[in-house]
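Everything below concerns the one structure shown next.
The values are calculated or read from the model by the stated rules, or taken from the named source; none is laboratory data. None of these values were measured; they are calculated from a predicted model. Methodologically, a virtual Cβ is constructed for each residue, glycine included, from the backbone with ideal geometry; neighbour enumeration extends over all protein chains shown. The accessibility values were calculated without ligands, DNA or RNA, using every heavy atom of the protein model including side chains. Shrake-Rupley method; radii C 1.70, N 1.55, O 1.52, S 1.80 Å.
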Amino acid sequence: MNVNTSRRGFLKGAAATGAVLVVGLRPDGALAASSNPTMLTPFVQIGSDGSVTAIIKHFEMGQGPATGLSTLIAEEMGLSMDQIGYDFAPSNPQIYNNTLFGPMQGTGGSTAMANSYLQYRQAGAAARDMLLQAAAQAWGADASDLSLADGMISGAGKSAPLGDFVEAAATLEAPAEPRLKDPSEFRLIGNPDVRRLDSAAKGNGTAMFAMDIQRPNQMIAMIARPEQQRATAVSVDASGAEGIKGFISAGVLPNKAGVAVFAENTWAAMQARNAISVEWDTNNAETRSSDQIEAEIRAALEAEPTYNVNDADVPAVRAAIDGADTVVEETFYFPLLAHAPMEPLNCTIEQTEDGGILMHDGCQIPTLPHGALAEIFGVPFEKVQIRTVLAGGSFGRRATPQADYQVEAAMAFLLTDRSRPVHLVWSREDDLRSGYYRPAFGHKVRVGLDGSGNIVGWEHRVAGQSIMKGTPFEAFAVQNGIDHSSVEGTVDSPYQIPMASFGLTDTEKATSTLWWRAVGHTHTAYVMEVMMDMAAVAVGIDPVDFRLSYLNGDGPDQQRKAAVLKLAAEKANWGNAPAGRSQGIAVHKSFNSYVAEVVEISGTAEDGIKIEKVTCAVDCGVAVNPDVIKAQMEGAIGYGIGHNMRDKITLTEGVVDQFNFPDYEPLRISDIQEIEVHIVPSAEPPTGVGEPGTPPAAPALANAIAAASNLRIATLPMNDNGASFV
C-alpha cells in the first residue's frame, strides 16, 4: 500500500496555530483535506508546535483502535505515547473507508487493525521522512544522517524539535514508498507496557461519550414504540402529558414507526412518554411467542435443509454415519439475545447555519446514517456532517443496516422547526424491548466414529433467522441463497473432518435481527466444540488429543489453531486440575484469529458451579498492543460466558418479556475468579481481537460442566437446563 500523496498532502495552515503537516491516503491517490489546521484531516496531523494527532477512522467503543492506530504512527515517527493525541475522523467514505468493507466507512468484524495496520504505519513513516528531509535542507545535511526520536530531529551536530520543520515540510513531495521500520526496531508495537490513550480521560470523567453531548438550547426526545414489531402508530393523544413540567410536545413520526415525545430534560421526557396515549395498528405485527419460534426452528432441523452449503454427497455422509461403530448426535437451540451495551443508544442532531445537518453520535458505520440523513432532509451528501464521539459499548448494536436510531432522531427532528438541537435518548427498557437481537438458531448434528475412534461422517443441519437477508447487505453477503453468517465457523472450520455435510434452512424472523459480538460464531463454535468433546468422550480419547488429530495438516489454519490449543492446554495444566475441580476446553477460529480457552470450575451442576479460572491463548498475528489484546480477550470471555449462563430474550405473543438488567442479568465481576491470557508471538499480519475471544468461552464452560456432572447442555441459557451457578 503506497502513500501516494502530492505536495498538497502537506498543508500549511494560516490559522493562529501556525503551520500544519497533514499526511494521509485516499483510495484514488488524491488528497481530500483542508488548509485549515483545526479540521480533521487524513491520518496524521502535525502542528507547528510539534503536536501530533492521529486521526482515527475506526469508531472507539472500548475495543482500542484509538490507542492501536496511534501506536502505529508513533512507532514510525519515533514518538513516545505521551507525545501523540488522537481525534476521530469525520464521515467521509472517500477518504476514511474501511478497505475491507468496500466504499464504506465503518468499524466491525474486528477489522480495524487488519484494515489499517500498513495504512497508518505508512502515514507515520511518510511524515517522518518529510520532516527529516526538511531538516536536512535547512542544515545542509543528508537526510539519511538525521533521525527523529521523541519529537526531536538530530544529526549533523544539530538538534531541534520537529515543529521547527513543519512549514518547510509542507512544501515537499511525499515519498511514494516511505521506509517502514523493521520489527527489530520496534519500541511500541508489541510492547506490553504501552497503555491505552483514553484511560485517563475515561477515569477522570473528561471523555466525551454520545450521552454527554449538551448542545445549547437542546431538547430531549424519547420515542414511544409499539410493543410488537411491525406495528405502526396511527395517532397520539398527548393531553395526559400537558401538566408535566418540561414537556414540550409529542407527534407521530413521519414513518409511523413511533411517537416522538419532546421535553426539556430526560426525566420529563420519560414521564411524558408514560402519560401519552397512542393508537397502534397491529394488523401486521408479530404475534408469535418464543415456544412457537423454537418449535418452528426445531421442525426445520428435522426436515431436509433448503441449502446444501458445501455441495456434499449427503446420502453418502448419512450412509457412513449409519454404518459407524459409534454414533453421537445432539440437537441444540440458541435463543434471541440482546446486545445490552452499558450506554443505551442515543445521538444528537442539529441544523447548521448553512442549512446542513450535523449529528453527534458514537457512530459505528458513519456511511449508513450519513446517506440516510441526506435523503431524509433532501440535502446533498456533503451538507451532512457526522461528529463521532466515544460510545460506551456496542457489540454490534450501533451498526444496523437501517441506521435505526439515527433515522429515529432525524424523523423526530423533522417534527420540529429545527431551531433547537434534539438529543434522542433510549432507556435501558427501550434497548431490551425494542431493539435488534442476535437471532434464534438451532443445530442438529450426527457424528459417526469407527472402532478406532476416528470420525467417518459428520452431518450438520442449521436452521434460524438470517441476519443479512432483507437488508442492503444481502446483495454481497448472501451467495446462492446462503447467508454465510448463519453457518460461519462450521463449513469453514479448520478441522479436517472427512465425509461432512452442512445444510441450512432459513426460518421467519420474529424480531429485527442483527450481528452480535462474533455474529454466527456465537452459536456455531458452541456446537462444533461441544460435539467434538462429545465425540472424544464417546470413544475414550482425551479431548485435546482428539481435536489435534483433526488439525494435523500442514496448512496455516491447522497449524495456528493447533498451536493455540496446545498453548492453552499447557498453561492451564490440562488434565491435572486440582482436587474438586474440572476442566473444559474449546478452540475456534473467527475473524482470522485463533483462540483456545480452558475453563476450570469447582462444584457440580446440581450443587452450584463456580468458575475458578479461564486460561486463554490467542494468535492474532502481530500483537500491536498486548495490553489491549488481553483486555479484549478478558471482556470477550466474560461476554460469551455471561450471556450463555443465564440470559435470553423471550416473546409472549410478539411482546418482549424482559425489561432491564434484573431479568436480563449481565456478567458480574464475581462470576469468574481469574482470567489468564497468553499471546502467541507472530509475524503474521494483525487480525481481529474484539470478537474472537467470545466464541470459545461458552463451549469451554459447557464442556467443563459435562466433565464435572455428566450434563451436556444443548439448549441455552445454561441455568434453564440444570446448571446452577454460585
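Quick grid of which residues meet (1) free of Cβ contacts under 8 Å to residues at least 24 places away in the same chain; (2) under 22 Å from Asp720 (Cα atoms); (3) open to solvent by less than 10 Å² (accessible area, probe 1.4 Å); (4) touching a Leu at 6+ places or on another chain (Cβ under 6 Å):
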| residue | (1), (2), (3), (4) |
| --- | --- |
| Ala525 | no, yes, yes, no |
| Val530 | no, yes, yes, no |
| Asp545 | yes, no, no, no |
| Gly553 | no, no, no, no |
| Gln558 | no, no, no, yes |
| Ala579 | yes, no, no, no |
| Lys589 | no, no, no, no |
| Asn592 | no, no, no, no |
| Ile601 | no, yes, yes, no |
Output for segment 450-476, where each listed residue is of a type in the set (A, V, I, L, M) and either closer than 22 Å to His588 by Cα or open to solvent by 50 Å² or more (accessible area, probe 1.4 Å) (or both): Ile455, Val456, Val462, Ala463, Ile467, Ala475
Ala312 vs. criteria of a type in the set (A, V, I, L, M), open to solvent by less than 30 Å² (accessible area, probe 1.4 Å) and either part of a loop (DSSP other than H, G, I, E, B) or touching a Pro at 6+ places or on another chain (Cβ under 7 Å) (or both): yes
First in segment 604-618 and over 18 Å from Ala586 (Cβ atoms), second anywhere and of a type in the set (Ser, Thr, Tyr) and assigned to a strand (DSSP E or B), Cβ under 9 Å, 6 or more apart: Thr604/Ser582; Lys610/Ser602
Verdict on Ala707 being surrounded by fewer than 23 Cβ atoms within 10 Å (Cβ to Cβ) and either at pLDDT below 95 or not in a loop (DSSP other than H, G, I, E, B) (or both): yes
Given (1) in a loop (DSSP other than H, G, I, E, B); (2) in contact with a Leu (Cβ under 8 Å, 6 or more places away or on another chain); (3) among the charged types (D, E, K, R), index of the condition Arg420 fails: (2)
Ser289 vs. criteria modelled with pLDDT of 95 or more and under 29 Å from Pro699 (Cα atoms): yes
Residue satisfying condition, being under 28 Å from the mean Cα position of the chain (by Cα), surrounded by fewer than 24 Cβ atoms within 10 Å (Cβ to Cβ) and of a type in the set (A, V, I, L, M, F, W, C), within set Leu132, Leu118: Leu118
Search result, residues across segment 42-51 that are touching a helix residue (DSSP H, G or I) at 6+ places or on another chain (Cβ under 9 Å), over 15 Å from Leu118 (Cα atoms) and buried (at least 24 other Cβ atoms within 10 Å of the Cβ): Ile46
Evaluation of Ile365 against (1) more than 21 Å from Met222 (Cα to Cα); (2) open to solvent by less than 50 Å² (accessible area, probe 1.4 Å); (3) in a helix (DSSP H, G or I) (one fails), failing number: (3)
Any hit, segment 648-656, residues being within 26 Å of Gly688 (Cα to Cα), buried (at least 17 other Cβ atoms within 10 Å of the Cβ) and touching a strand residue (DSSP E or B) at 6+ places or on another chain (Cβ under 6 Å): no
Qualifying residues in segment 427-444 (those that are part of a loop (DSSP other than H, G, I, E, B) and in contact with a Gly (Cβ under 8 Å, 6 or more places away or on another chain)) - the one farthest from His339 (Cα to Cα): Ala440
